[in-house]
Amino acid sequence: MTARVLMVQGTSSSVGKSLLVTALCRIFARQGIRVAPFKAQNMSNNAAVCADGAEIGRAQAVQAAAAGIEPTADMNPVLLKPETDSRAQVVMLGRPWQTLGADTYYRYKEEVWPVVTAALNRLRSAYELVVIEGAGSPAELNLRAGDIVNMAVALYAQAPVLLVGDVDRGGIFAQLLGTLWLLSPAERTLVRGFVVNKFRGDPDLFADGVRILEERSGVPVLGVVPYLTDLVIPAEDAVALEQPALHFSPFRLELVDALSSPPQLGSKPDAVDIVVIRLPHIANFDDFDPLAAEPGVRLRYVSAPLALGRPNAVILPGTKSTMADLAWLRKQGLDSAILRLAGEGTAVVGICGGYQMLGQVLRDPKRVEGTMSEAAGLGLLTTEVVFVGEKLTHRVHARVLGGPGWLTGLAGQIVQGYEIHMGRTTGEHAWLEIEKRGSESVAVPDGSVAGEGRIWGCYLHGLFSNQTLRRTWLSSLGSGGRGAEARGNQGAEGPDGLDAIERLADVVADALDMIRLEQIVWGN
């Protein structure tokens, strides 16, 4: 059996395609339909690890969770992980393939396109419906020749397309009508409906807008979806961190301009203030959504020393380019600022690439990361890092070995997470032991701790989704034990995250003309 297909394309990036696909996967799964997500090509350093160790975009893993299935590499056969503004690691079917410049990558379309179509064909043979997500806009005329993710996929699969526009950013008529009119006649016939997304206020106020769109285009508006807040669902990529805080209230992030002074806690004198360094190549920043969801916690992303203030904790997150981002950290003067705070008693934490930065030295003899062969770390931990060609990508179970300070009472606790790294770290004072990678039993020490438990790091992404560990650490910072009311305890793929997905699906189902949409999908 070949599955039906439905494609969601957007007028630009960040119009809400990923969340709408997530909602549709959940809506159809609740009807008992075997549904799977698909995105031919993703550009993001926010990655997820499948059960077999394959690496795909975080958004497709969340969409798979919404569909009630395990994610696989076929759901995102090509993942581009930017290392610089003009170079990215190409992950093909979940495994590193090549590192290519933007000008070079498009020459490989003839090699990449069969991988994309084969992955889609496999999904269509295994499921009843595949909901396909596009990328950016299908009307980027200069990129059409190399397209493997938008109308090229729609034409290949003969997929009916929903075109989504973001009314909150303005220009909704130019977005939807302009995009439609720039498509070829064959492509326009596939556009079966418009979706107006992120509407603030009463949707009835846009009734004239719906009429104008339908009259000018001949395409029905299937719904006006309201602007949603308080959804703890990971963002697809770091574009989320570049927008005003108002647009990302679901994550309760408070972004700070690089030149601004640190914000005051105001009416939250007891709030725990946690700063995440906004590295240029930040990766998997959804690691910190569970912290942001805790009442009594203020999470800020900053990129300059003046914005640091005097937080309770500083986190160095994962990054796709550790040594380059470490050099950037020094250029900004953030290294000395972090060392000063650590000396004054502030907690400093490193996850994955951030963990590597906290050590004594980083070595890259094979130039895996770039042009530098060696760099001094921040020296807060006793570790040393060597980069190798083989990337470790595993879901893991690990046991807390214990340690000083807040780690003392956690000895013996089992935590879950995932690894995505090319560095190998050695040193003293490991506080974790990885006991299982995928289905393989191992005994691998991980992490390091210093400063009576204030300075620590490890390779495990997803660590803060472990509730006991998260709240124990927050308590050591002075959270006052207020975490019991927290939302999103397990992240979007855990039980509480599914609550957020259920709410998203309810809102979207109410906003869309589902009868008409089902006619489009099933052809009746």
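Given the criteria β-branched (Val, Ile, Thr) and under 29 Å from GLY201 (Cβ atoms), does VAL116 qualify? No: the conditions fail for VAL116.
In region 155-175, which residues are small (Gly, Ala, Ser) and surrounded by fewer than 23 Cβ atoms within 10 Å (Cβ to Cβ)? Once the filter is applied, which keeps residues that are small (Gly, Ala, Ser) and surrounded by fewer than 23 Cβ atoms within 10 Å (Cβ to Cβ), region 155-175 yields ALA157, GLY170, GLY171, ALA174.
Filtered by the rule that a residue be over 30 Å from LYS391 (Cβ atoms), crowded, with 18+ Cβ neighbours inside 10 Å and not polar (S, T, N, Q), region 306-318 gives ALA307, LEU308, PRO311.
Checked against the criteria, GLY451 counts as in contact (Cβ under 8 Å) with a residue 60 or more places away in the chain, more than 24 Å from the chain's Cα centre (by Cα), surrounded by fewer than 19 Cβ atoms within 10 Å (Cβ to Cβ) and over 23 Å from MET323 (Cα atoms). Looking only at residues in region 10-53 that are of a type in the set (A, V, I, L, M, F, W, C) and under 16 Å from GLY462 (Cβ atoms), the one that is nearest to the chain's Cα centre (by Cα) is ALA47.
Here is a yes/no grid of residues against (1) surrounded by fewer than 24 Cβ atoms within 10 Å (Cβ to Cβ); (2) more than 17 Å from ALA118 (Cα to Cα); (3) of a type in the set (Ser, Thr, Tyr); (4) in contact with a Leu (Cβ under 8 Å, 6 or more places away or on another chain):
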residue	(1), (2), (3), (4)
ASN42	no, no, no, yes
ALA47	no, yes, no, yes
GLY53	yes, yes, no, no
ARG58	no, yes, no, no
ALA65	no, yes, no, yes
THR72	yes, no, yes, no
LEU80	yes, yes, no, no
ALA88	yes, yes, no, yes
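Can you find a residue that is over 28 Å from the mean Cα position of the chain (by Cα) and within 26 Å of ILE420 (Cβ to Cβ) anywhere in region 345-355? So far as region 345-355 goes, no, none of its residues is over 28 Å from the mean Cα position of the chain (by Cα) and within 26 Å of ILE420 (Cβ to Cβ). Within region 94-104, being part of a strand (DSSP E or B) and open to solvent by less than 50 Å² (accessible area, probe 1.4 Å) holds for LEU100, GLY101. Output the residues belonging to region 294-350 that are part of a loop (DSSP other than H, G, I, E, B) and among the hydrophobic types (A, V, I, L, M, F, W, C). Once the filter is applied, which keeps residues that are part of a loop (DSSP other than H, G, I, E, B) and among the hydrophobic types (A, V, I, L, M, F, W, C), region 294-350 yields ALA304, LEU308. Taking region 356-401 as the range and being free of Cβ contacts under 8 Å to residues at least 40 places away in the same chain and charged (D, E, K, R) as the test, the residues that pass are ARG363, LYS366, ARG367, GLU374, GLU390, ARG399. Restricting region 319-336 to residues that are of a type in the set (A, V, I, L, M) and open to solvent by 10 Å² or more (accessible area, probe 1.4 Å), the residue that is farthest from PRO280 (Cα to Cα) is ALA327. The condition (being in contact with a Pro (Cβ under 6 Å, 6 or more places away or on another chain) and closer than 26 Å to ASP74 by Cα) is satisfied by just one residue among VAL153, VAL131: VAL131. The condition of being free of Cβ contacts under 8 Å to residues at least 24 places away in the same chain and under 24 Å from the mean Cα position of the chain (by Cα) does not hold for GLN89. Scanning region 402-441 for residues that are outside any strand (DSSP E or B), surrounded by 15 or more Cβ atoms within 10 Å (Cβ to Cβ) and in contact (Cβ under 8 Å) with a residue 40 or more places away in the chain yields GLY403, PRO404, GLY405, TRP406, LEU407, LEU410, GLN413, GLY427, HIS429, GLY438. For ASP446, the requirement of being open to solvent by less than 70 Å² (accessible area, probe 1.4 Å) and either modelled with pLDDT of 90 or more or within 15 Å of PHE288 (Cβ to Cβ) (or both) is met. Count of region 106-134 residues, restricted to those that are open to solvent by 10 Å² or more (accessible area, probe 1.4 Å), out of contact with any helix residue (DSSP H, G or I) (no Cβ under 8 Å at 6 or more places or on another chain) and not charged (D, E, K, R), is 8. Candidates are the residues of region 337-350 that are open to solvent by less than 10 Å² (accessible area, probe 1.4 Å) and not small (Gly, Ala, Ser); the one that is farthest from THR393 (Cα to Cα) is LEU341.
Each residue in region 351-371 was checked for being more than 22 Å from TRP97 (Cα to Cα), part of a loop (DSSP other than H, G, I, E, B) and open to solvent by 10 Å² or more (accessible area, probe 1.4 Å), and 1 of them qualify.
The values are calculated or read from the model by the stated rules, or taken from the named source; none is laboratory data. If you're wondering where the values come from, they're calculated on a predicted model, not measured in any experiment. All Cβ positions, even for glycine, are placed from backbone atoms using ideal geometry, and neighbour counts span all protein chains on display. In case anyone asks, the SASA skips ligands and DNA or RNA and just uses the protein heavy atoms, side chains included. Shrake-Rupley method; radii C 1.70, N 1.55, O 1.52, S 1.80 Å.
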